[in-house]
Amino acid sequence: MVDTVLMGRAFFEGELRYTEIGIEDGKIVAIGSYVPGGEERVELGTSMTVLPGFVDPHVHLRDPGMTQKEDFSTGTLAAVHAGVTTVLDMPNTKPAVYNLDTLMDKKSHVKGRSYVDYGLFAAVTPETNAAMIARYVPGFKLFMGSTTGNILLNDDEELVPAVSDALATGKRVSVHAEDDSMILKEPERCTRDHLRNRPAEAEHNAIRRLAKHFKGRNINICHITTPEGLDLAKAAGFTTEVTMHHLMFEVDRFSDAFYKVNPPIRDIATRDALYKRFLNGEMTMFGTDHAPHTLSEKSQEFDAAPGGMPGVETAMPMVMNMVRKGIIPMSQAVTMGAIAPGRAFSLPKGELKVGMDADLAIFDMRKSTIIDVKRLHSKCGHSQYGGMEAVFPDTVFIRGEIQVEDGEFCGERRGVDIFG
């Protein structure tokens, strides 16, 4: 017996059309132009558009160890308000997650505290027993460039066997691709100085090194920042993530520590060239690299301020506004925001298809709004996107249960570990 049938316009089989979606026990059990039965049949308004819930494959929820910046509850509450129904959290928490003990401790720590479904990455280190922990993670994370945390691995003598072990499990390896040997430590006063210290060639060389050893393998290049890096990644058969901050910001207009991030925002010519490649649909997926720090931390002198910025609550609503304005097609937003990350990490998420979890984000595409930082839900309390235009979801379902309705939260902490 189908519990619920939603009826309305949906992005189904690559296009927007009238669709009926049958939901039972949190799964999509029937979908098409007509689904019979249903204890509850819900007819959506003609202005509503049903999309698969978005998947953010790259967040830093800072939990455990840095919860003054963010915690699993505040970060996932931010996510669900964006229509993001799944997040994949990175391992550079405190302690860093790189073995079975640290992974299981983190799983226990965050259990029951999430508003969306999630997976926890493990880091690639020489000590990581990838075969032992692969079943419990969506993928592995390799840090070739120094950033928050202390799990840097940039020496090919150790990197190649460690990554090979991770890939042998069948899981994807997401990479912070900056060659740490090319990163300078000179004093910094602005984002242009930060860019000087972390040059584009560090990205290019990291990807070249990966391509030399792992061409055609399950490598995902995180937060791609240059057209050249994109070309190298594509030629190697790697998937790619792109962030909103690398598409929107450049060093001369956005110079203070609130825009300090690793890898850095780049010069306007590089930013514009990357944006054109985005418009052509050449990146695989969005990844926010949601990396919150406190207002006081980001207000320090530039050199002392940490790198990173929040984005899980704003990225996809801004993408949906791009769709509303005709900048990109709906198919690109859904592919990059849901389908591609769901497939890349083998999730039962990201598509309106029988057998998938009934994670849905329903938008009224007539209703855009201006992002009000005071209304966002991240604990960090700031956003680089305040004042920009976005389309937030009207209704959000996670496994068939409503979490957001009429744009307001009405659910509970029902998120589960997909790889629990």
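Bear in mind these aren't lab numbers, they're just calculated from the coordinates by the rules spelled out. Remember, predicted model here, so these are calculated numbers, not experimental data. Methodologically, a virtual Cβ is constructed for each residue, glycine included, from the backbone with ideal geometry; neighbour enumeration extends over all protein chains shown.
Run the numbers for residue 196 and residue 401: contour at 0.36 nm per residue of separation, minus the present Cα-Cα distance, in nm. Write out the running numbers ahead of the final one.
Numbers: separation 205, 0.36 × 205 = 73.80 nm, distance 4.81 nm.
So the extension gain works out to 69.0 nm.
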Requested in this report: Would you mind getting me the FRET efficiency between residue 369 and residue 303? Use the beta-carbon distance for r and R0 = 35 Å, nearest 0.05.
Outcome: 0.45
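Between residue 269 and residue 416, what is 0.36 nm times their sequence separation minus the Cα-Cα distance? Round to one decimal in nm. Intermediate results must be reported in sequence, preceding the final value.
Details: separation 147, 0.36 × 147 = 52.92 nm, distance 4.23 nm.
Result: 48.7 nm gained on full extension.
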Requested in this report: Please name whichever of 370, 237, 247 sits farthest to the positive end of the charge dipole of the chain, dipole taken about the Cα centre and charges placed at Cβ: Lys and Arg +1, Asp and Glu -1.
Outcome: 237
Query raised in the report: Once label points are set 7 Å from the Cα along Cα→Cβ at both residue 135 and residue 248, what is their separation, rounded to one decimal in nm?
Result: 4.2
Query raised in the report: Nearest 0.05, what FRET efficiency do residue 185 and residue 13 give at R0 = 60 Å with Cβ-Cβ as r?
Result: 0.70
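Would you mind checking 69/349; 27/141; 94/325; 212/325; 111/171; 141/349 for any pair whose Cα atoms are more than 32 angstrom apart? If you can, show how the numbers build up before the last one.
Values: 69/349 28 Å; 27/141 29 Å; 94/325 42 Å; 212/325 41 Å; 111/171 23 Å; 141/349 21 Å.
As for pairs spanning more than 32 Å Cα to Cα, those are 94/325; 212/325.
If you take the Cα Rg of the chain and divide it by 2.2 N^0.38 Å, with N the number of residues, what do you get?
Values: Rg = 20.4 Å, N = 420, 2.2 N^0.38 = 21.8 Å.
Against the compact-globule rule of thumb, the ratio is 0.93.
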**Report entry** Relative packing of peptides 108-116, 297-305 - highest average C-beta neighbours within 10 Å first
**Finding:** 108-116, 297-305
Report summary line: Tilt, helix 268-279 to longest principal axis of the chain (alpha-carbon atoms), in degrees rounded to tens, equals 30
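Run the dipole for the range 53-344 about the Cα centre, Lys and Arg Cβ at +1, Asp and Glu Cβ at -1, nothing else charged, and hand back the magnitude in debye, nearest 20. Spell out each step's value before the answer.
On the way: 32 positive and 36 negative charges, 179 e Å.
Roughly 860 debye for the range 53-344.
Rounded to the nearest 500, what is the 222 nm mean residue ellipticity of the chain from helices alone, with -39500 (n - 2.57) per DSSP H run of 4+ residues and division by all residues? Mind showing how you got there, number by number?
On the way: 13 runs with 110 residues, N = 420.
So the calculated ellipticity at 222 nm is -7000 deg cm²/dmol.
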Report summary line: Simple spin-label estimate for residue 158/residue 276, 7 Å along Cα→Cβ, in nm, reads 4.1
Report summary line: Packing-ranked peptide list from 218-230, 378-390, highest mean Cβ count within 10 angstrom first, is 218-230, 378-390
Query - Difference of contour (0.36 nm per residue) and Cα-Cα distance, residue 100 to residue 46 - result: 14.5 nm
